[in-house]
1. Just name the residue that is modelled with the lowest pLDDT out of those in the stretch 70-127 that are closer than 15 Å to P207 by Cα, assigned to a loop (DSSP other than H, G, I, E, B) and of a type outside the set (A, V, I, L, M, F, W, C).
2. List pairs: first in the stretch 137-160 and free of Cβ contacts under 8 Å to residues at least 40 places away in the same chain and closer than 20 Å to H289 by Cα, second away from the ligand (no atom under 11 Å from the Cβ) and not hydrophobic (A, V, I, L, M, F, W, C), Cβ under 6 Å, 6+ apart or cross-chain?
3. Given the options A333, A338, A380, name the one that is in a helix (DSSP H, G or I), touching a strand residue (DSSP E or B) at 6+ places or on another chain (Cβ under 6 Å), at pLDDT 95 or above and farther than 19 Å from L148 by Cα.
4. From the list G116, G139, G76, G122, which one is buried (at least 18 other Cβ atoms within 10 Å of the Cβ) and within 30 Å of D5 (Cβ to Cβ)?
5. When the residues of the stretch 154-178 are filtered to those that are out of contact with any helix residue (DSSP H, G or I) (no Cβ under 8 Å at 6 or more places or on another chain) and basic (K, R), which remaining residue is farthest from the ligand (Cβ to nearest atom)?
6. Within the stretch 282-295, which residues are within 19 Å of L24 (Cα to Cα) and at pLDDT below 95?
7. Only one of L312, L301 is in contact (Cβ under 8 Å) with a residue 12 or more places away in the chain and either under 24 Å from V100 (Cα atoms) or among the β-branched types (V, I, T) (or both). Can you tell me which?
8. Filter the stretch 43-90 down to the residues that are acidic (D, E) and closer than 27 Å to D198 by Cβ and list them by number.
Amino acid sequence: MSAADHDVIVVGAGPTGLLIAAELTRRGLDVAVFERRATAGGGSRAIGVHAPVLAALEASGATERILAEAVRIPLGLARTRERVLGEVHFDRLPLRFPFVATVPQAATEAAVGAGGPPPSRGVHVEALVDEGDRVRVMGPAGAPAASLVVVAAGSGGRSLATLSRDMAVHTYRDRYLMADVADAGADVPADVAVVHLDAGGVLESFPLPRGGRRLVAWDRFTARGETMSGGWLSDDLGDVARLQEAVARRTGDEGMAAAIDRVSAFGVRRAVANRMRADRVFVIGDAAHEVSPIGGQGMNLGLLDAAKLAPLLATWVRSGSAPEHELARWERARIRSARTAARLAGLNTSLGRSRGDLTHRAAMRFLSLALAGPFAAVPARAYAMGLDRDA
Ligand SMILES: Cc1cc2nc3c(=O)[nH]c(=O)nc-3n(C[C@H](O)[C@H](O)[C@H](O)COP(=O)(O)OP(=O)(O)OC[C@H]3O[C@@H](n4cnc5c(N)ncnc54)[C@H](O)[C@@H]3O)c2cc1C
């Protein structure tokens, strides 16, 4: 392998980039991370960390750090305002970590990035230039080169790599409102997740560390031409009032509704790349696949991409030759897993939309049968990422 400035350059210091940088450093590689944002953080997005990720991160110590901060959720309830439709028992799955761990995304990022190189912040990577035996990264001072480059730049950085540039992106017309509240909710155990299904749309309520709850409500269909993506803090007081109204109507919990004072709005997109590797350049996380947050697997998919790729890149750098067979297997497994997660998230998204009373009642009857029948463990396994190829 030729002289390059670094073994690996990682573009993007979101959860996926931070994890792969730390995992490669732990294996003795020289890694640099470039991040265009000047500061870390930027609001809470992902909160659920699933069993396969906890298992994959155990050796690095990241799992222990995540669990030290997290609430462990053994049970989810699906209900209407009137009755419980069914129970989703993560604690009955034959897993090493039979629960969903909820923790703010910033805490997950700190846990997975521990031991990795501090990112060079405020540095926008503009282009990657393939020089045959290395890749030059344009944007950072001195245009450093690395033997391998990992693009973990999220949906906003997709244009960096040819293989993710032309991905078909489907934009859903659903708009959601989200708030984190200190109120624990009336009559709900502190470690139980609840999905309230209402003809007006879904309301999800997830336990947060230190007693609060994350509330996510379907709001409305966006008008044609209205663009929605990512998640941002809304300064529209109408959004606060609409989320309060949705919480009160869908759960009957006026106290919880009154506790809402800040709201984020987000839209939903779906995109899965057909390739995640072009020779020495790898694309992982949201840069390679974006799934609806209604289903809570986007960050988890990216973390598994990183955890499973790191040992293969370390082998490549140490031996000087690419472990082609293992890399091809990795790429196939990650793309199939992303497609499965995207389909499940799409299903969750359509289940959570507003609908007419008659259709709603029929859907609820079907759901309560599905959650009570002989296949009742399937939703728990699917939600806990048990269908991921690397689970
Ligand atoms: C409202 C909401 C709720 C969610 N909830 C969940 C959940 O509960 N569970 C779950 O698993 N997922 C959830 N997700 C999805 C999750 O947040 C993302 O999948 C995850 O953040 C993707 O991580 P990433 O590292 O791939 O990309 P990102 O987090 O987008 O990080 C990419 C980084 O790259 C940087 N960057 C981009 N371009 C460049 C460039 N050219 N040069 C340098 N730096 C660059 C960006 O500034 C950014 O910091 C949610 C998403 C939203 C919007």
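1. Here the residue is P104.
2. Short answer, once both residue conditions are applied: S159/R165.
3. Going through A333, A338, A380 in turn, the sole match is A338.
4. Going through G116, G139, G76, G122 in turn, the sole match is G116.
5. R173
6. Selection gives nothing.
7. Going through L312, L301 in turn, just one is in contact (Cβ under 8 Å) with a residue 12 or more places away in the chain and either under 24 Å from V100 (Cα atoms) or among the β-branched types (V, I, T) (or both): L301.
8. E82, E87 - these are the residues of the stretch 43-90 that are acidic (D, E) and closer than 27 Å to D198 by Cβ.
The values are calculated or read from the model by the stated rules, or taken from the named source; none is laboratory data. Remember, it's a predicted structure, so these values are computed and weren't measured experimentally. In this analysis, Cβ positions are derived from the backbone assuming ideal geometry, glycine residues included, and neighbour counts consider all displayed protein chains.
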